[in-house]
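J.: This is the structure, below, for whatever I ask next.
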Amino acid sequence: MAPPIKEEIMAKKAAYMGMMVALAFVFSYLESLVPINFGIPGIKLGLANLVAIVALYTMGSKEACTLSLIRIILTGFTFGNPSSMLYSLAGGILSLLVMILAQKIKIFSVTGVSVLGGVFHNTGQILVAALVVENERLFYYLPMLMISGTIAGTLIGILAAILIKRLERLIKEG
Amino acid sequence: MEEFTGPVDLNSMKKNDVILIGVILILALAAFGGISWYSEKNTKEAEAVVYVDGEEQERYPLNQDTSVRVSLEDGNYNLLEIKDGQADITEASCPDKVCVDHRPVKNQGESLVCLPHKVVVEIENGEEAKIDGATH
């Protein structure tokens, strides 16, 4: 079989990227429909992070950043408001940077990377929230959010590992 | 154009992941312990504050049972008793005994007043009343 020409790879990548953005967008929306209330704001599964991790492993860090940025801006304008967008942005950027680093140092599997992502997502949001309301009492939430981030990160990581395994074959052979 | 990254070994590093999760959970528990220790140190305990003629005289924590005689210059007195986290005036030399008949107080802002002696016992840093403000 002849190697695919440049345009073909570009088209495939664009289609894949579009699918991932749509998926992340839908996951963000789905999650806002399911109210999870543990008495502490900020606890959630982070389904959108699943897409970010899959993108990070199947496409690369640059693509994962683009994807997250587009997803946050889209959901912010559609379902949120400027302040919720600020929180998502802080959490999303910090979590993605940590995940990219964690992937680069190659001592963790997808699960470990995802756990770090989950924990730092919550940390980023608390940092911004504490800056905005100028109240250090918000850090009282941090331990609980670290634990919830770890649990959510583990679940998402296991899911992501399965997805990456299957999608990779699809992308490679596609 | 970057190529897609190569195959990822998904199951080889489980041990590091478990260590990571353990470390994060321990950190979270430590932070939790630190925060509750810190906030406990900083929460003020409920106190009964005694005022005579509008001036603060003495503070008594509600969690220590005690019996205090609030003596006035003219020889009159009110006996303040703190028991079971409540403050009560059990004896007084005043003519009307309104302060003695008043039920014990323990909630934030509640007070015992002896008008003839100008003695006021007020609760500070106490819990908010569970029913409503009208019960003061």
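The values are calculated or read from the model by the stated rules, or taken from the named source; none is laboratory data. In this text, all values refer to a predicted model and were calculated from it rather than measured experimentally. Positions of Cβ are generated from backbone atoms using ideal geometry, with glycine treated the same way; all protein chains shown enter the neighbour counts. For accessibility, only protein heavy atoms count, side chains too; no ligands or nucleic acids. Shrake-Rupley method; radii C 1.70, N 1.55, O 1.52, S 1.80 Å.
J.: Restricting to region B:44-92, count the residues that are outside any strand (DSSP E or B), touching a residue at least 24 places away in the same chain (Cβ under 8 Å) and either more than 14 Å from B:Ile123 (Cβ to Cβ) or not small (Gly, Ala, Ser) (or both).
T.: Going residue by residue through region B:44-92, those that are outside any strand (DSSP E or B) are B:44-46, B:53-54, B:62-65, B:72-76, B:84-85.
Subset that is touching a residue at least 24 places away in the same chain (Cβ under 8 Å): B:44-46, B:53-54, B:62, B:72, B:76, B:85.
If we keep only those that are either more than 14 Å from B:Ile123 (Cβ to Cβ) or not small (Gly, Ala, Ser) (or both) too, we end up with B:44-45, B:53-54, B:62, B:72, B:76.
Number of matching residues: 7.
J.: To continue, here is another question. Examine region B:40-60 for a residue that is open to solvent by 50 Å² or more (accessible area, probe 1.4 Å), within 14 Å of another protein chain (Cβ to nearest Cβ), closer than 30 Å to B:Gly109 by Cβ and of a type outside the set (D, E, K, R), and state whether such a residue exists.
T.: yes
J.: Does region A:13-71 hold any residues that are more than 21 Å from A:Ala152 (Cα to Cα) and basic (Lys, Arg), and which are they?
T.: Within region A:13-71, A:Lys13, A:Lys62 meet the criteria.
J.: Filtering region B:15-30 down to residues that are open to solvent by less than 40 Å² (accessible area, probe 1.4 Å) and not charged (D, E, K, R), which residue is farthest from the other protein chains (Cβ to nearest Cβ)?
T.: First, pick out the residues of region B:15-30 that are open to solvent by less than 40 Å² (accessible area, probe 1.4 Å): B:17, B:20-22, B:24, B:28.
Of the ones still in play, those that are also not charged (D, E, K, R) are B:20-22, B:24, B:28.
Numbers: B:Leu20: 5, B:Ile21: 6, B:Gly22: 10, B:Ile24: 5, B:Ala28: 4 Å.
Across region B:15-30, the extreme among qualifying residues is B:Gly22.
J.: On to the next question. Considering only region A:37-65, state which residues are assigned to a loop (DSSP other than H, G, I, E, B), of a type in the set (A, V, I, L, M) and within 14 Å of A:Gly149 (Cα to Cα).
T.: Going through region A:37-65, the residues assigned to a loop (DSSP other than H, G, I, E, B) turn out to be A:37-46, A:59-60.
Those left that are additionally of a type in the set (A, V, I, L, M): A:40, A:43, A:45, A:59.
Hits for region A:37-65 are A:Ile40, A:Ile43, A:Leu45.
J.: Need the failing condition index for B:Asp96 against (1) out of contact with any His (no Cβ under 6 Å at 6 or more places or on another chain); (2) surrounded by 15 or more Cβ atoms within 10 Å (Cβ to Cβ); (3) among the acidic types (Asp, Glu), just the number.
T.: The failed condition is (2).
J.: Let me ask something additional. Go through (1) more than 9 Å from every other protein chain (Cβ to nearest Cβ); (2) over 17 Å from the mean Cα position of the chain (by Cα); (3) open to solvent by 60 Å² or more (accessible area, probe 1.4 Å) one by one and return the number of the condition A:Phe139 breaks.
T.: So A:Phe139 meets the others, but not (1).
J.: Go through the residues of region A:25-35 one by one and say whether even a single one is at negative phi, within 14 Å of chain B (Cβ to nearest Cβ) and open to solvent by 80 Å² or more (accessible area, probe 1.4 Å).
T.: no
J.: Those residues that are within 12 Å of another protein chain (Cβ to nearest Cβ), small (Gly, Ala, Ser) and either assigned to a helix (DSSP H, G or I) or open to solvent by 40 Å² or more (accessible area, probe 1.4 Å) (or both), I need them from region A:103-130; list them, please.
T.: Those that are within 12 Å of another protein chain (Cβ to nearest Cβ), small (Gly, Ala, Ser) and either assigned to a helix (DSSP H, G or I) or open to solvent by 40 Å² or more (accessible area, probe 1.4 Å) (or both): A:Gly112, A:Ser114, A:Gly117, A:Gly118.
J.: Just give me the residues in region A:7-51 being of a type in the set (A, V, I, L, M), farther than 14 Å from A:Leu74 by Cβ and in contact (Cβ under 8 Å) with a residue 40 or more places away in the chain, in sequence order.
T.: Hits for region A:7-51 are A:Ile40, A:Ile43, A:Leu45, A:Leu47, A:Leu50.
J.: Exactly one of (1) within 27 Å of A:Ile126 (Cβ to Cβ); (2) away from chain B (no Cβ under 14 Å) is unmet by A:Ile43. Its number?
T.: It is condition (2) that A:Ile43 fails.
J.: Further question: Looking at A:Ser68, A:Ser148, A:Ser95, which is the one that is polar (S, T, N, Q), in contact (Cβ under 8 Å) with a residue 60 or more places away in the chain, out of contact with any Lys or Arg (no Cβ under 6 Å at 6 or more places or on another chain) and in a helix (DSSP H, G or I)? Before you say what the answer is, go through the steps one by one.
T.: On the way: A:Ser68 fails: in contact (Cβ under 8 Å) with a residue 60 or more places away in the chain; A:Ser95 fails: in contact (Cβ under 8 Å) with a residue 60 or more places away in the chain.
Checking each option against the conditions leaves just A:Ser148.
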